[in-house]
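The values are calculated or read from the model by the stated rules, or taken from the named source; none is laboratory data. Computed from a predicted structure; not experimentally measured. A quick note on method: Cβ atoms are made from the backbone with ideal geometry, for glycine too, and the neighbour counts reach across all protein chains shown. All accessible areas refer to the heavy atoms of the entire protein, side chains included, with ligands and DNA or RNA removed. Shrake-Rupley method; radii C 1.70, N 1.55, O 1.52, S 1.80 Å.
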Amino acid sequence: MTFTPIKFGTDGWRAIIAEDYTFQNVRDCAEGVARYLTDTGLASRGLIIGFDTRFGSEHFAAASAEVLAGHGIKTFIFDSAAATPIACHAILDKQAGGAVVITASHNPGTYNGFKYKPEYAGSAPPEVVDQLEAAIDAGRDAGGPKRVSFDEGVASGLINKFDPRPAYDAHIATTVDLDRLRSAGVNVVFDAMHATGAGVLSRLLAGGTTRVNELRGERNPSFPGMVAPEPIGRNLSQLMEAVVNTGADVGLATDGDADRLGMVDEKGHFVDQHQTYALLCYYLLEYRGLRGPIVRSLTSTRMIDKLGEAYGVPVLETPVGFKFLGPKMMEAGAITAGEESGGYAFAAHLPERDGAYAGLLILDLLARSGKTPSQLIAELYAKVGEHFYDRIDAHLQDGGREAAIAKVASATPELLAGRKVLKHDNLDGYRFEFEGGWLVIRPSGTEPLLRIYTEVTDKALVKPVLEAGRALAGV
């Protein structure tokens with residue numbers, strides 16, 4: 001039998017439903033997890049199984065539970081769709097050996113995925129991914145997954161449905177002053193993007209003068225009105241309009257599995273991920289008075305470095321992905337870690353991204369400062385100077401991405417958009433630093449895309465630098 005290769009990307013395995021994302025391949029992944037838990041001595045602690053609002057996610061989750069039960073491993077499966085960060089918290093709450101989450105995160109609706117979260121409740125680091133992939137292959141070589149029926153698993157006590165929200169909510173209340181936020185009188189528009197962020201902020205902030213107006217809170221696996229459930233400007237036109245039309249103080253949005261945050265200011269302008277992470281770091285340093293290392297990925301804003309210099313804290317850099325950021329955050333005792341894609345983690349919470357939690361901290365920043373988002377961005381720029389960012393996602397077909405990367409690998413430009421190239425490296429993809437900014441070209445770890453990123457201190461340079469990046473890659 002010919003098998004579809006299962007390779008985990010930046011965070012889990014993702015594929016197109018009914019093409020490569022099939023029940024058989026999901027069961028093979030679950031078999032690999034069962035073998036990994038057994039081999040590492042974690043099987044006795046059980047496994048959390050969560051799922052999102054995508055097509056068939058609850059059924060793929062049930063299929064995974066059947067395989068774990070076939071190995072005699074106890075599972076705790078969500079009673080309904082919920083955010084990936086809630087699954088991560090459930091690992092700690094139940095002291096489980098890890099979690100499987102059926103989700104394709106921010107990918108288009110044609111995709112689904114399989115994430116694995118280890119016992120520390122973060123993203124699986126490369127060494128765990130290698131062991132999982134090897135265990136999946138071993139299971140296939142041994143004749144495929146063991147399994148029992150779902151009903152049999154329930155009857156035996158190996159499969160247990162549960163609601164993970166109460167424990168998560170109780171934890172949030174120990175790290176965020178929810179009473180202050182409820183009484184702050186902030187007018188929030190929240191875009192759930194038809195996904196697992198629905199209801200979280202409304203539930204946590206109910207009962208006071210703060211109002212949460214939720215958009216797209218109902219499940220719709222086709223994710224209409226957006227390219228994909230990714231909380232970036234091109235997908236948030238409804239949120240931008242609603243903020244202006246309702247006179248809201250801020251707009252917030254989370255992605256398909258609610259581990260990313262998007263933000264819109266009081267004027268209906270998208271606040272990009274670099275500005276958002278810089279604001280969150282500024283909030284921790286200036287308004288909370290915290291001190292400690294900050295971790296960022298190489299495609300994240302250098303505003304973080306300038307904040308580090310201003311407040312006397314180290315800033316640590318990693319390759320892209322929380323499989324690198326989370327472990328570095330824990331190792332360094334960092335107060336936060338963040339990446340360009342809108343994922344932010346905080347030491348007081350989890351070593352993993354949580355869009356709703358990051359949103360609560362943005363609201364706390366508004367409440368503590370008494371300022372609007374645009375005023376806070378101006379305050380931030382007064383500290384670190386203006387920075388401008390954009391990204392191109394080039395969709396390339398069979399072999400095209402590899403050819404483009406090979407072309408970039410051989411490039412040694414002396415100038416980019418007329419600016420002298422100071423240095424370049426290949427920590428993750430290919431990075432070129434030049435006078436006044438940087439350019440990174442790297443393949444996506446979750447989609448068949450080539451990403452071209454830049455951040456500059458001169459707005460007029462954004463487009464020319466991105467076009468120079470296109471030319472380097474030949475796309």
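Data for the structure
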item: Under the Karplus curve 6.51 cos²θ - 1.76 cosθ + 1.60, θ = phi - 60°, whole-Hz ³J(HN,Hα) for the range 191-198, x wherever Gly or Pro sits; result: 9, 7, 6, 6, 10, 6, x, 4
item: Cα-only Debye scattering, the range 382-475: base-10 log of I(q)/I(0) at q = 0.10, 0.17, 0.22 Å⁻¹; result: -0.24, -0.68, -1.07
item: Helical mean residue ellipticity (222 nm; -39500 (n - 2.57) per DSSP H run of 4+; nearest 500) of the chain; result: -11000 deg cm²/dmol
item: Per-residue ³J(HN,Hα) for the range 87-95, Karplus 6.51 cos²θ - 1.76 cosθ + 1.60, θ = phi - 60°, Hz, x for Gly and Pro; result: 5, 5, 5, 4, 4, 6, 5, 9, 6
item: Inter-site label distance for residue 20 and residue 137 at 7 Å from Cα along Cβ, in nm; result: 1.6 nm
item: Kirkwood-based Rg to Rh ratio, the range 432-475, C-alpha trace; result: 0.99
item: Residues of the range 317-475: accessible area per residue with a 1.4 Å probe, Å²; result: 38 Å²
item: For residue 161, residues with placed amide H under 5 Å, excluding near neighbours; result: 77
item: Apportionment of accessible area to carbon and sulfur, the chain, percent (1.4 Å); result: 50 percent
item: Separation of the residue 463 and residue 310 label points, Cα + 7 Å toward Cβ, nm; result: 3.0 nm
item: Matching label, Cα extents along the principal axes in Å computed from the structure shown, candidates (i) 66, 55, 45; (ii) 62, 58, 41; (iii) 76, 51, 36; result: (ii)
item: Segments 112-120, 281-289 sorted - mean Cβ within 10 Å per residue, highest first; result: 112-120, 281-289
item: Heavy-atom accessible area per residue - the range 172-299, 1.4 Å, Å²; result: 33 Å²
item: Stokes-Einstein diffusion coefficient of the range 1-143, Kirkwood radius over Cα pairs, 10 °C, 1.306 mPa s, in µm²/s; result: 109 µm²/s
item: Solution diffusion estimate, µm²/s, Stokes-Einstein, the range 385-430, Kirkwood Rh from C-alpha pairs, 10 °C, viscosity 1.306 mPa s; result: 121 µm²/s
item: Tail fraction, Cα-Cα pairs, the range 135-221, threshold 15 Å, whole percent; result: 72 percent
item: Counting DSSP beta bridges with both ends in the range 14-162, the antiparallel % (nearest 5); result: 40 percent
item: Ranked packing of 456-462, 73-79, most packed first, by mean Cβ within 10 Å; result: 73-79, 456-462
item: For the range 182-335, the Rg and Dmax computed from alpha carbons only, in angstrom; result: 16.7, 47
item: Base-10 log of normalised Debye intensity for the range 192-257 (one unit scatterer per alpha-carbon) at q = 0.17, 0.21, 0.28 Å⁻¹; result: -0.58, -0.87, -1.33
item: Cα convex hull volume per residue for the range 318-475 (Å³); result: 136 Å³
item: For the range 9-69, diffusion coefficient by Stokes-Einstein and Kirkwood Rh (Cα), 10 °C, 1.306 mPa s, µm²/s; result: 129 µm²/s
item: Shape box of the range 255-368 [Cα atoms, principal axes, largest first, Å]; result: 37, 31, 24
item: Spatially proximal lysines relative to residue 115 (Cα-Cα < 24 Å; intrachain offsets below 8 disregarded); result: 7, 74, 94, 146, 161, 323, 328
item: Percentage of interatomic Cα-Cα distances in the range 79-234 larger than 23 Å; result: 53 percent
item: Built amide H within the under 5 Å cut-off of residue 98, gap 5+; result: 48
item: Two-decimal log10 I(q)/I(0) for the range 66-166, as the Debye equation yields it once each C-alpha is a single scatterer, q = 0.10, 0.19 Å⁻¹; result: -0.31, -1.14
